[in-house]
1. So what's the back-of-envelope 222 nm ellipticity for the chain, counting only DSSP H runs of four-plus at -39500 (n - 2.57) apiece and dividing by all residues, rounded to 500?
2. Would you work out if the range 36-151 is rounded, prolate or oblate? Take a ≥ b ≥ c from the square roots of the eigenvalues of the alpha-carbon gyration tensor; rounded if a/c is under 1.5, else prolate when a/b is larger than b/c, oblate otherwise.
3. If we sort 318-327, 623-632, 662-671 on the protection proxy, mean other Cβ atoms within 10 Å, highest first, what's the order?
4. Would you mind computing, in nm to one decimal, how far apart the modelled labels at residue 165 and residue 73 are, each placed 7 Å from Cα along Cα→Cβ?
5. Which pairs in the list 485/559; 49/232; 203/277; 277/580 are over 24 Å apart, alpha-carbon to alpha-carbon?
6. Counting only protein heavy atoms and using a 1.4 Å probe, what share of the accessible area of the range 125-266 belongs to carbon plus sulfur, as a whole percent?
7. If you take every residue apart from residue 474 with its C-beta less than 11 Å away from the C-beta of residue 474, what net charge results, scoring Lys and Arg +1 and Asp and Glu -1?
8. How large a share of the accessible area of the range 289-343, in percent, is made up of carbon and sulfur atoms when the probe is 1.4 Å and the other protein chains stay in place?
Amino acid sequence: MRLLIQDLRYALRMLGKNPGLTLVIVLSLAVGIGANTAVFSVADALLLKPLPYPQPDRLALLWLRSPGIGIPEDWPSPGQFFDIRQQNHSFDEMSLSIGTSMNLIGANQPQRIEIIRTTSSLMHMLGARPLFGRLLLPEDDAPGKQPVALLTHALWQRLFSADPQVVGRSLNLNGNQFVIVGVLRPEFLLNHEIMPTVAGIEKADVLLSLSLPVNGQDQRGSENFNIMALLKPGITPPQAQADIDLIAARIRQSDKRDPTFTISVVPLQQQVVGNVKRAVLVLLGSVTLVLLIACANVANLLLSRATGRQKEIAIRTALGAGGSRLVRQLLTESILLGVTGGVAGVAIAMGSLYIVRTINPGNIPRLEAISLDGGVLAFTFATSILTGLVFGLAPALRAVSVDLNSALKAGGRSSQGAGGFAVSRHRLRGLLVVSELALSLMLLIGAGLLVRSFVRLQNVPPGFNPDHVLSARISFAGPKYRDRKLMGRIFEDLTARLTRIPGVTSAGAVSTLPFTSSVGWGGLQIEGYVPPPNEPELQVDKRAATTGYFRAMEIPLLKGRYFNEHDVHEAPPVAIIDDKMAQRFWPRDNPVGKRIRNGSNPPWVTIVGVVGTVKQYGLDQDLRMVVYSPHAQNEYNGMYLAARAAGDPTALTGALLREVHAIDPDVPLYEVRTMPDRIRDSLARQRFAMTMLAAFAAFAMLLGGVGIYGVMSYLVTQGTHDIGVRIALGASRGSILNMVVRQGMSMAAAGIAAGLLGALALTRVMASLLFGVGATDAVTFSGVPLFLAGIALLASYIPAWRATRVDPLIALRDE
């Protein structure tokens, strides 16, 4: 311990003698270690930490899948819940839930509250505990039972100011009274990551009891529910899947489902992580490369520093210090640098996570669970120690292999004359620079692909003009709005009111607005079209729209007409289809006048128009065809409003709210967003991955450029005598410049060649993150190496220019 303390004190003194070099090394390591700490904290929360439930590894969600008819994921029905509960041999418990939102009446301002109606079994599976009152009980599941309400901690604080006497009070939701029976503890978690509902609930505010029907078979067509299951002890997800496959086959047979129908058992941890896992692993690999580049750069700096310490090492050796003792002292210095960089890296990681939480890019599940806890700090400490060993070992071994006779010679040129000017005589330095450039190129190519992918994605036309459009959601709910004809008149009246607002050029409403969480699809029949026997059922997206919706969104009319005021409830039913459907079924004919219908019994509907294809779920997704119906003929209580403004659309928010409250002051206006904002939010995941990888690549490129500059500067300094001899013998300054640049570019060429091979492997891993760009995109694979070669040329030219300024008289003068 005495020797260790002595080594630490000496290391601190030596680092203090070179504050500039120490600062550069610590900052380089801080960025590398800080980036690794931040990304590892994300990977730890998503991939390593269990979910905050009693038995998270036994929890799973059940999904319907029918890829043959374009339904990659669908929600089950109560009938399927009863089938699985009665026939399975894999689950201890199952819960049935459905997400919705309701209008909260009686508060100072009407609010939209997010609800999950669920069976009591969910409480036990998720380990819920009440802060006040009780949880949902099995008797609450009984048919015809008056539903009760369970408040989340956040809503209890927001709505009732944390009043402990809230139990027993009533909650007015959609004009119906619900008795509050309890308040959940703050740690209870139930959001869209845990339970993605058909209504797109972000985070449950209230849990309502769900009364199970006497016969679930009566609700087989209502596929809007979530089924969560708790696996029996010892049952693995693959075993449960094999069990459910048999049940799905029976359902497929009895319900005459399409041949591709299956039911998937998805472990809850896998559901939460979703498609983010690959992006996290790519980022984790990227920050590892950044840290390796930082280590290589620091090792080069320490090698340069070791050259200046040759006489010191020689004196200590001459006085009896052994090689292991000297290596231990030098490694103590490098580990101290690593730990110092780690401490600074923790600060960088804390700042990075704070920024990520503040901007909330929307692509990081369990964002609230990401923290720099003990496990992450232990990882950082271990990384700091290992980093110190990695970048310090080679300089330490090189430093102790000093020639005592040469180093202690009184008037010799020491190292300046030892070896001349050639990279081949400084292989370790050259190898480190080559590795820096190779790793930098890999990151730059990965970032370049993501940038090109993002640019391609941004340029995809959404099928409408989002500029100057303000959108909002509204729902007229409760007993007084059960008249369907009334709903048609209300929305036509409301959109007419909106068009009279100064600054509004057009307004409309639609049941499912693009770039929102809303969904709605179903089967369709086309008159005269007989599908082949092996063709699955035709599934299309279905939307109800008011007369002004298409003009408000500027969705182009290709054939026929838009909806008008004559398309009312009593009039013959009509529909508008999108161009994708027209091209598939009537590529050489006019679809206007053709007839379609929902299922086999409803009346035939006449097509009156064809509009452009609209991107519904994202610019990178191209799913089902679309059929629009007039809202007056297919009434919805909840709709999205869209108002096109002549100027700034956000200035219309107050006027929209006033017009809604003029119809009913108890109806809230929520999800108020401009359409450009909705599109921007839909690109959050791609933007975040691109920004992070581009930042890592930029730092790696900077380190690579500094590395090659440092090596070439060192070689010029060490080779000053040889350069002076060449100039004295008649070498031109141009030849000196060419010689130095050639040495630098030879390292760059080797690094670029190695980096291209590594990039081919890296980009294959990240292929699923790309859009419209191949993993071996020729533009990126040719442009990025040229760019890095330009950086290397600049980093080599500056020392080369300095070499041409060498005065041969000074260079040849004896020390």
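1. On the way: 23 runs with 385 residues, N = 815.
Here the helix-only value at 222 nm equals -16000 deg cm²/dmol.
2. The shape class here is rounded.
3. 623-632, 662-671, 318-327
4. Label at residue 165, label at residue 73, 4.6 nm between them.
5. Working: 485/559 29 Å; 49/232 22 Å; 203/277 22 Å; 277/580 33 Å.
Check vs 24 Å cut-off fails for 485/559; 277/580.
6. For the range 125-266, the apolar C and S fraction of the accessible surface comes to 54 percent.
7. Numbers: positive: 112, 473; negative: 659, 664, 671.
Counting the neighbours of residue 474, the net charge comes to -1.
8. Working: 1300 of 1880 Å².
The value for the range 289-343 is 69 percent carbon and sulfur by accessible area.
The values are calculated or read from the model by the stated rules, or taken from the named source; none is laboratory data. In this text, all values refer to a predicted model and were calculated from it rather than measured experimentally. FYI the Cβ positions are ideal-geometry reconstructions off the backbone, even for glycines, and counts take in every protein chain you see. Quick note on the areas: whole protein, heavy atoms, side chains included, nothing else; ligands and nucleic acids left out. Shrake-Rupley method; radii C 1.70, N 1.55, O 1.52, S 1.80 Å.
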